[in-house]
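To start, the structure itself, in structure tokens.
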Amino acid sequence: MAQRPYIVGNWKMHGTRAMLAEARAIDRAAERLIKVEVALAPPFTLVHATRNEASLIAVGGQDCHPADGGAHTGDISAAMLKDAGAGFVIVGHSERRADHGESNADVKAKAEAAIAAGLNVILCVGESEAERDAGKAEKVVGKQLKESLPEGKAIADKVTVAYEPVWAIGTGRTPTIEEIGEMHVSIRKLLADTLGSGGKNVRILYGGSVKAENAAEIFGAKEVGGALVGGASLSAESFLGIIIAAAEKLES
Ligand code: 13P
């Protein structure tokens, strides 16, 4: 594959300063496994401290507001994240879409604001269980991606897509390897159609109940370029197993 495998830990609403020891341990492990690009998205409150603790891994936010600044109590702009030391931001996670009613248009505006502020973007898409059962998974994900992808072909090297089936998040359930491969191939086609040659190099991550035990198998699915990991990224020990699997299965 064209780029290094990308393994990103999304800590969601977990972590106080006591967790910085895990971030340090993950950073040290990443130094030994340089074939893999490793990143962590801690809660906003730990972005700056994680950046200071870690020397190698990328550090990012889990969301940003589309505006540069203003009267938006409780929100964080992309420029603020960048100032705190972030290099990327996750947008469109299904938990934000569900908990905060974020639409594809909202996600697109956030992604464009992030790129304008100099951040890379991890754009999340994924179908619900009912949508998969109804045979609509590819259609739903295709529509999400088309409507939330920032404008312009030049964004190709700034964006990573994360396919996270909503029903696989935190449940211990995953699609079959064939289903993961089919969805990733369909996302690749859409990216190539939309972004031209740049779309061929956009990394597509799988997310949803990735663990050290199933990572190698998942990394064998077509077009999977890494993983967006929730629960298993909260300890260096479990996250390391996934990074090692990526180093073994996904090296260029
Ligand atoms: P889990 O790995 O805990 O299923 O979470 C996946 C996820 O939502 C990452 O963004």
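Would you pick out the residues in region 56-67 that are open to solvent by 10 Å² or more (accessible area, probe 1.4 Å) and more than 13 Å from the ligand (Cβ to nearest atom)?
56, 58, 65, 66, 67
A quick yes/no check of all residues on (1) more than 29 Å from residue 218 (Cα to Cα); (2) hydroxyl-bearing (Ser, Thr, Tyr); (3) open to solvent by less than 30 Å² (accessible area, probe 1.4 Å); (4) touching a strand residue (DSSP E or B) at 6+ places or on another chain (Cβ under 9 Å):
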site: 6; (1), (2), (3), (4): no, yes, yes, yes
site: 14; (1), (2), (3), (4): no, no, no, no
site: 69; (1), (2), (3), (4): yes, no, no, yes
site: 74; (1), (2), (3), (4): yes, no, no, no
site: 78; (1), (2), (3), (4): yes, no, yes, yes
site: 92; (1), (2), (3), (4): no, no, yes, yes
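Every residue, every condition in (1) without any contact (Cβ under 8 Å) to a residue 40 or more places away in the chain; (2) within 16 Å of the ligand (Cβ to nearest atom); (3) open to solvent by less than 90 Å² (accessible area, probe 1.4 Å), yes or no:
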site	(1), (2), (3)
3	no, no, yes
18	yes, no, yes
22	no, yes, yes
31	yes, no, no
35	no, no, no
39	no, yes, yes
45	yes, no, no
49	yes, no, yes
54	yes, no, yes
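I need the full set of residues from region 30-57 which are under 13 Å from residue 226 (Cβ atoms) and not aliphatic (A, V, I, L, M), in order please.
Within region 30-57, 35, 37 qualify.
Only residues that are buried (at least 16 other Cβ atoms within 10 Å of the Cβ), assigned to a helix (DSSP H, G or I) and either of a type outside the set (A, V, I, L, M) or in contact with a Lys or Arg (Cβ under 6 Å, 6 or more places away or on another chain) (or both): list them for region 201-224, please.
Here is the first cut: in region 201-224, the ones buried (at least 16 other Cβ atoms within 10 Å of the Cβ) are 202-212, 214-216, 218-219, 221, 223-224.
Still in the running and assigned to a helix (DSSP H, G or I): 212, 214-216, 218-219.
Across region 201-224, the qualifying residues are 214, 216, 219.
Give, as residue ranges, the helices (runs of 4 or more DSSP H) completely inside region 101-200 that count at least 1 residues that are open to solvent by 60 Å² or more (accessible area, probe 1.4 Å) and in contact with a Lys or Arg (Cβ under 6 Å, 6 or more places away or on another chain).
Filter on region 101-200 gives 177-195.
Can you say whether residue 98 is in a helix (DSSP H, G or I) and either within 16 Å of the ligand (Cβ to nearest atom) or on the phi < 0 side of the Ramachandran plot (or both), as far as the supplied structure shows?
On the way: in a helix (DSSP H, G or I): yes; either within 16 Å of the ligand (Cβ to nearest atom) or on the phi < 0 side of the Ramachandran plot (or both): yes.
Criteria met by residue 98.
Hey, among 63, 106, which residue is touching a residue at least 12 places away in the same chain (Cβ under 8 Å) and more than 24 Å from residue 40 (Cβ to Cβ)? Please lay out each step first, then the result.
On the way: 63 fails: more than 24 Å from residue 40 (Cβ to Cβ).
When all the criteria are applied, what remains is 106.
In the set 232, 246, 227, which member is in a helix (DSSP H, G or I), in contact with a Pro (Cβ under 9 Å, 6 or more places away or on another chain) and crowded, with 18+ Cβ neighbours inside 10 Å?
Values: 232 fails: in contact with a Pro (Cβ under 9 Å, 6 or more places away or on another chain); 227 fails: in a helix (DSSP H, G or I).
Step by step, each of 232, 246, 227 is checked, and only 246 is in a helix (DSSP H, G or I), in contact with a Pro (Cβ under 9 Å, 6 or more places away or on another chain) and crowded, with 18+ Cβ neighbours inside 10 Å.
Starting from region 222-248, keep only residues that are among the hydrophobic types (A, V, I, L, M, F, W, C) and near the ligand (Cβ under 8 Å from one of its atoms), then list their pairs with residues that are part of a helix (DSSP H, G or I) and open to solvent by 20 Å² or more (accessible area, probe 1.4 Å) whose Cβ atoms are within a distance under 6 Å, requiring at least 6 positions of separation or different chains.
Filtered contacts from region 222-248: 232/238.
The values are calculated or read from the model by the stated rules, or taken from the named source; none is laboratory data. This one's a predicted model, so the numbers in the text were calculated from it and none came from an experiment. Note that each Cβ is placed from the backbone with ideal geometry, even for glycine, and that neighbours are counted across all protein chains shown. Note: accessible area is taken over every heavy atom of the protein model, side chains too, but ligands, DNA and RNA are not part of it. Shrake-Rupley method; radii C 1.70, N 1.55, O 1.52, S 1.80 Å.
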